[in-house]
Amino acid sequence: MWQFRFPTWIVLDVLGLLVQTALFPHVFPVGYVPNLILPLTVIIALYETPRRGLVAGLVGGLMQDMWAGRLWGLNALTYALLGFAVAQLESRIVRDNVFVPGLLAGVSQLLVMPFQWLLLYLFGLAIPWSDFMRPLPVWLLFSMLVTPAIGGILGFRPRHEVEKKYSRVAH
Amino acid sequence: MSSFIFRWRRPIIIILVIMVVSLSLSYTAKVRGQVVSFSNIIGAVMSPASASLTFLGNQAGKGISTVGQLFTLQRENAALHQQLLLYQSMKLELSELNQENSQLRGLLDLKNSASAWKLVAAAVISRNPDSWFQTMVINRGTRDGIRPGMAVIVPQGVVGRVISATPVSSTVMLVLDPDSGVGAQDVRSQAAGVVNGRDPLSETLTFQLFSHRPDISPGDAVVTSSYSQYYPSGLLIGQVSRVSKSAYGLTETASVVPAVNFNQLQDVMVVLSHPGGATLPPIYGGGAR
């Protein structure tokens, strides 16, 4: 199933970054442009094992870092840990296709921002906290709406469901 | 031993990942050049896709952007009113200067130096994916004579400078970027200093003044100074909105509202060459020349 393949993630990340760098700046004002790697990482990791979730986040974050051309590792570290955490949670929560991805993406966005602020601070970019957190409402709303939408459009489903479907077809 | 590794494989993998990433973070925090040029290559490879998406965004996003900007519209309106006042006074000043200039030129029998400005028009095709780093990719590169270090301007003022170039595209660091620094001076009092980018969200730049007790007040226009390493002198950067003492009260800093609206940046001009001295590029002054 293509949903669980590594190249799929890369294609999705490239498309996400393209939209984020070329299309979104026309819609959102400077500084408020939301991130698409976070929703992608959450929706991919939600149906993955922790290790594969970590890899998915690492790949997405690393691509954003290389695209940005500044601090290599800022987003890689953030999203690798996020992917791992989401995939860890996955086995412990009841899953549906709308509310859980949305809620998880919202919580992730809430946690990611202070973490990135801290990383930027540690590596020499001290942005005032109040300025840094200003786009949070916009980004929160965005990730909570977009994550289930991406999952729905791409038809992401749990592995066992996908495999069961295949076995049913085979019989 | 192998069972130990197997048992603790998850924490080990995570710790390894964190270590490698931290190393790369601290390395790239120090080394800038190669990292930027690599991202510029990505920008070049992706430029056809970016350019077409940007075109779509330009067409379709015009309506949507109004909704997106509802949050900032009121503030922007107030800022625009202020800018308008500034421009009106500047226009007066400019026309006076123009007249004086042409008289002096006539006296000196020099040819119009405005023609010596060489500009290349370029379209913005993508922005940086991280919102606290403000760089953008434009669709012209070394093939059109663009080199790193060249200034990028629009009729409203200074946009930034080219930091990396491939044959077909270049990366421009905006004056908003936290790493950007522009030699600048107050038009009224000639107080000199450096305009640093702060972060795009505060929508202001920081004007760090050299002198201990500088003559600067809100409303002053700030332009690039002749000490500036990359920029031609006399280009408008913005307007002083607030003056404050820095920590320990040793120096004064001013907040500068940039003259350029970075939300609606579609076409920019790269300054390939410019005459020395205090002449303004031909795109300034409402086409008076």
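The values are calculated or read from the model by the stated rules, or taken from the named source; none is laboratory data. Predicted model only: the values in this text are computed from it and were never measured. Ideal geometry is used to build each Cβ from the backbone, glycine not excepted, and the neighbour counts take in all protein chains shown.
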>> For the list (1) more than 9 Å from every other protein chain (Cβ to nearest Cβ); (2) at pLDDT 90 or above, I need the number of the one condition that A:PRO34 fails.
In response: (1)
> Any chance the stretch B:245-262 includes a residue that's at pLDDT 85 or above, surrounded by 19 or more Cβ atoms within 10 Å (Cβ to Cβ), of a type outside the set (A, V, I, L, M, F, W, C) and touching a Lys or Arg at 6+ places or on another chain (Cβ under 7 Å)?
Replying inline: yes
>> Restricting to the stretch B:153-170, name every residue that is in contact (Cβ under 8 Å) with a residue 60 or more places away in the chain and either over 10 Å from B:GLY141 (Cβ atoms) or of a type in the set (A, V, I, L, M, F, W, C) (or both).
In response: B:ILE153, B:VAL154, B:PRO155, B:GLN156, B:GLY157, B:VAL158, B:VAL159, B:ARG161, B:VAL162, B:ILE163, B:ALA165, B:VAL168
> Taking the stretch B:181-215 on its own, how many of its residues are at pLDDT 80 or above and either closer than 12 Å to B:VAL256 by Cα or not in a loop (DSSP other than H, G, I, E, B) (or both)?
Replying inline: 18
> Mind checking which residues of the stretch B:137-161 are crowded, with 24+ Cβ neighbours inside 10 Å and within 14 Å of chain A (Cβ to nearest Cβ)?
Replying inline: B:VAL137, B:ILE138, B:VAL159, B:GLY160
> Can you name every residue in the stretch A:103-143 that is free of Cβ contacts under 8 Å to residues at least 24 places away in the same chain, within 17 Å of A:THR78 (Cα to Cα) and among the aromatic types (Phe, Trp, Tyr)?
Replying inline: A:TRP117, A:TYR121, A:PHE132
>> So for the stretch B:272-284 (the condition being within 20 Å of the chain's Cα centre (by Cα), at pLDDT 80 or above, surrounded by fewer than 13 Cβ atoms within 10 Å (Cβ to Cβ) and more than 30 Å from B:LEU73 (Cβ to Cβ)), does at least one residue qualify?
In response: yes
> Among the residues of the stretch A:11-32, is there at least one that is free of Cβ contacts under 8 Å to residues at least 60 places away in the same chain and among the aromatic types (Phe, Trp, Tyr)?
Replying inline: yes
>> So, restricting to helices (runs of 4 or more DSSP H) that lie completely within the stretch A:13-108, which ones have at least 3 residues that are under 12 Å from the mean Cα position of the chain (by Cα)?
In response: A:37-45, A:50-68, A:74-90
> If you scan the stretch B:1-20, which residues turn out to be more than 14 Å from A:LEU54 (Cβ to Cβ) and either touching a strand residue (DSSP E or B) at 6+ places or on another chain (Cβ under 7 Å) or surrounded by 11 or more Cβ atoms within 10 Å (Cβ to Cβ) (or both)?
Replying inline: B:TRP8
> Restricting attention to the stretch A:41-87, and to residues there that are more than 21 Å from B:ASP177 (Cβ to Cβ) and hydroxyl-bearing (Ser, Thr, Tyr), which single residue is farthest from the other protein chains (Cβ to nearest Cβ)?
Replying inline: A:TYR47
> Does B:ILE237 satisfy the criteria of being under 30 Å from A:ARG134 (Cβ atoms), assigned to a loop (DSSP other than H, G, I, E, B), of a type in the set (A, V, I, L, M, F, W, C) and in the same structural domain as B:PHE262 (by TED's automatic domain parsing)?
Replying inline: no
>> Go through the stretch B:127-152 and report how many residues are within 16 Å of A:ALA68 (Cβ to Cβ) and in contact (Cβ under 8 Å) with a residue 24 or more places away in the chain.
In response: 7
> Limited to the stretch A:121-138, what total is found for residues that are facing another protein chain (nearest Cβ under 9 Å), in a helix (DSSP H, G or I) and within 19 Å of the chain's Cα centre (by Cα)?
Replying inline: 1
>> Looking at B:VAL31, B:VAL21, B:VAL35, B:VAL45, can you tell me which residue is out of contact with any helix residue (DSSP H, G or I) (no Cβ under 8 Å at 6 or more places or on another chain) and either at the interface with chain A (Cβ under 7 Å from one of its Cβ atoms) or at pLDDT 80 or above (or both)?
In response: B:VAL45
